[in-house]
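Below: the structure, in structure tokens.
The values are calculated or read from the model by the stated rules, or taken from the named source; none is laboratory data. Note that the structure is a prediction, hence the values are computed from the model and not measured. Cβ coordinates were reconstructed from backbone atoms using ideal geometry, including for glycine residues, and neighbour counts include every protein chain displayed. SASA here: full protein model, heavy atoms, side chains in, ligands and nucleic acids out. Shrake-Rupley method; radii C 1.70, N 1.55, O 1.52, S 1.80 Å.
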Amino acid sequence: MRFCRLPEVRVCGQEFSKETIGRIQSTIDSEPELSRSGLSRRVCELLDWRTPKGKLKQMSCRVALLGLEREGEIKLPAAKEFAGRNKRRYEAPTRGPEKPWSGKLEKLQPIELIQVGSADSRASREWNEMMSRHHYLGAGPLCGAQIRYLVYSASYGYVGGLAFSSAAWRLEARDNWIGWSDEARQQNLSRVVSNSRFLIVPYVKAPHLASHVLGMVLRRLRADWMERYGEDPVLVETFIEKQRYRGTCYRAANWIEAGETKGRGRQDKDNQRAVAVKKMLLYALDEDARQLLCEAVATVATGIEEPRSKPANADWAEEEFGGARLGDQRLNQRLVTIARDFGANPQAQIPGACQSRAKTKAAYRFFEHPKTAMKLLLEPHYKSTIQRMSQEKVVLSVQDTTSLNYSAHPETNGMGPIGSSKDRAVGLIMHDTMALTVEGTPLGLIDVQCWARDSGTFGKHHERKQKPIEQKESIKWLKSLEAAGDAQRQCPNTMIVSVGDREADIYELFQLALENLTGPKLLVRAEQDRLLADGQGHLWSAVRQQPLAGIHEIRVPRAHNRLARDARLEVRFAPVRLNPPQAKPHLKPLTLWAVLAEEMDVPQGIEAICWMLLTTCTVSNCSQAIEKLTWYTRRWGIEIYHRTLKSGCKIEERQLGSACRIEACLAIDMVVAWRVFHLVKLGRETPNVPCTVFFEEAEWKALYTHIKKEPVPPADPPALSETVAWVATLGGYLGRKGDGRPGTKSIWLGLQHLDDLKEMWQFMAMTYAPHLLSPPVSRVPT
């Protein structure tokens, strides 16, 4: 591995700037006791170098650091001898001779693949011992990401094992077969895995056993790899030493021979070609494997992805889901179709939304497909959201938690407790992050976390203080901030501010926000009266002692039985230096800005507003303090969004049998709910723009003819606000003087009726008046 002395050094797919290399060396010099493992963890956190599942890529970082040291860029601390379990892992086995067996494959059935878990498990010890005893390469170590399997026969016992690990960085035979560029290889190499071990124990003889096991493992490898690492592999490679084996079982399992190696191993940097030449075989897990691996996203000098071009006539479903990487074009097309159907009938159940038996069956098959994980389905929407964010100067990244109640469907698998009682409500917990403009217009989602709580740990809330943040649900806030950080890197001209309520008052969250000066800002409503550093007392009393900065009036929305009202707030602000909690003395003090808003002249029977906001943004005058208060009030938008999702899309009434299917369906429903919420806000913020920014031609023309009772629509489209009001009229909005503007409920009801009107208008126009039709227009929601 060679490196060029350039301002940017690329190692293991990661860019290292001269500034970053200098910081790494400074850390090594200032902390001589820091181990290489600890250093790699620091570097991963500095670069936010993570797997798609969010874990730090420490092993890749270790390799990169060694490469930088070989080129003289850094000087690593001395390697420390490891005294843990791995030191004894590959010792010679102590098991006695095994009993030979021979016969037909049917006599060994049923054969099961057992996925090996942790290194301390019994299955892991069995796998290591088997490979050490019978495989010519031994048990390892394996390279990079890895999955191991044991082959178990109910009638005999363990008969073999397999392992899959990270693919080789560069192979001429494989690279020629794929035909990818260097850029595509760097981006997509993680979608290739290597079959690094395969063993059928020599004392078990059964014709076709090896090819049968290969077929079994290849049918489940893709889903297992996705679940563990968050990557969707599409190609598997393996090597066969010509002097030892012929590879008959691989050919019987439909592997293809791509060529031969050059006799160079991974560490042959001097090109000595000292290892045996091997045959290289490949197996495509997807029929479009070559095409998928050759796709590369163009990057600019900053390393930011350029958005893929989309058809000029793309509708909203294609805009938000058309770029999904599901590995099969048929799945991509089905995703867009389901999104259109759900968008046309937000409140309908799946059969009602799909409106045909064939499309309904296809939708159910789609939701249970192993490639339709929530993360993959939402990925193109995230990219579209970031595109919209890049158009703004300031974006609020609002995060919040809600629960999805499925107690009415107790037969659904994978649910967990969501209430205060273990035997009552069950369902899923969802923590989502919505990007909004400072005016409150939703731009889309940038992160969604969904999980089921473990009923076995229910009721152990008192143990929370003994657990690190990584083992608690509170980590959701840090993950959301990291997602905002990813968006910030792709929107360098936009200031992103992560906003959270009182539950987000977590010391580690503020610490994470302050570590990266170029990352997103943070704005959180405080819950705890924290102790200030330098003996300055506590947070609330210290800020209350500050002089009054000004009076600010806000509109408090209606909630439950509380009517909407205007509230006048006294505003004070001050810089504060917080001490870490007593239970976390290893953390450092933090310097933040605090803004206190307390309501004046509170109506009788109404709880007064009293907000203490903590932020990493500078607050040096009254206008900046009021700005932060205004930003916090935009947080109510995500609560409206959750109400739209539950009441409008009725996600809690979905009957899909398992949590995995519900999550796949939820991914589509969430984008549909955002679209409804977006339309409501768009009609208020930009009322005079043409309605074609959101509605198709057939939609607004059908709506116009229905509302105005005129057969021929005008040549120029009406204004967006007028069209939104017409849609709300279809949903029951009366538009009386005291009714205010239409809300999300009347909009989502109206959209269902609009779809029926559009279908009828299109049929009538095509049959009797084709001159009324024109080519479709884009409905990019901007």
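Per residue of the stretch 243-253, what does 6.51 cos²θ - 1.76 cosθ + 1.60 with θ = phi - 60° give for ³J(HN,Hα)? Whole Hz please, x for Gly and Pro, Karplus curve as stated.
Values, residue by residue: 6, 9, 9, 9, x, 4, 5, 5, 5, 5, 8 Hz.
Please list, in chain and number order, the residues 5+ apart from Met495 or on another chain whose amide H is under 5 Å from its amide H, with Hs placed from the backbone.
Amide H to amide H, under 5 Å and 5 or more residues apart or across chains, Met495 pairs with Val394, Val395.
Quick one: dipole size for the stretch 484-609, taken about the Cα centre, charges +1 on Lys/Arg Cβ and -1 on Asp/Glu Cβ, in debye to the nearest 20.
Charge dipole, the stretch 484-609, about its Cα centre: 160 debye, nearest 20.
Return the long-range amide H neighbours of Thr238 (sequence gap of 5 or more, or a different chain), with a cut-off of under 5 Å between placed amide H atoms.
Close amide H contacts, sequence-distant or interchain: Asn195, Leu281.
Whenever you get a sec, compute what percent of the accessible area on the stretch 91-206 sits on carbon and sulfur atoms (1.4 Å probe).
Solvent-exposed carbon and sulfur of the stretch 91-206 make up 50 percent of the total.
Please enumerate, by chain and number, the aspartates and glutamates with C-alpha under 17 Å from the C-alpha of Lys383, excluding those fewer than 8 residues away in the same chain.
Lys383 reaches Glu295, Glu305, Glu306, Asp315, Glu318, Glu319, Glu320, Glu392, Asp432, Asp447, Glu482, Asp486.
Going highest first, how would you order 384-395, 29-40 by mean Cβ packing within 10 Å?
Highest mean packing first, the order is 384-395, 29-40.
Note down the net charge around Val499, summing +1 for each Lys or Arg and -1 for each Asp or Glu among other residues with Cβ under 10 Å from its Cβ.
So the surrounding residues net to +3.
If the limit is 25 Å between Cα atoms, which of Lys55/Lys278; Lys375/Lys476; Lys393/Lys584; Lys262/Lys371; Lys104/Lys279; Lys681/Lys709 go over it?
Lys55/Lys278; Lys393/Lys584; Lys262/Lys371; Lys104/Lys279; Lys681/Lys709
By average Cβ neighbour count within 10 Å, what is the ranking of 356-368, 202-214 from highest down?
My ranking of the peptides, most packed first, is 202-214, 356-368.
Rounded to the nearest whole Å², what accessible area per residue is found for the stretch 592-668 with the 1.4 Å probe?
37 Å²
What's the local net charge at Ile662, with K and R +1, D and E -1, over the other residues with C-beta under 10 Å away?
-1
Provide the packing ranking of 404-412, 341-349, 660-668, i.e. peptides ordered by the mean count of other C-beta atoms within 10 Å per residue, highest first.
Descending packing order for the listed peptides: 660-668, 341-349, 404-412.
Which net charge results for the neighbourhood of Ala206, defined as the other residues with beta-carbon distances under 11 angstrom from its beta-carbon, given Lys and Arg at +1 and Asp and Glu at -1?
+2
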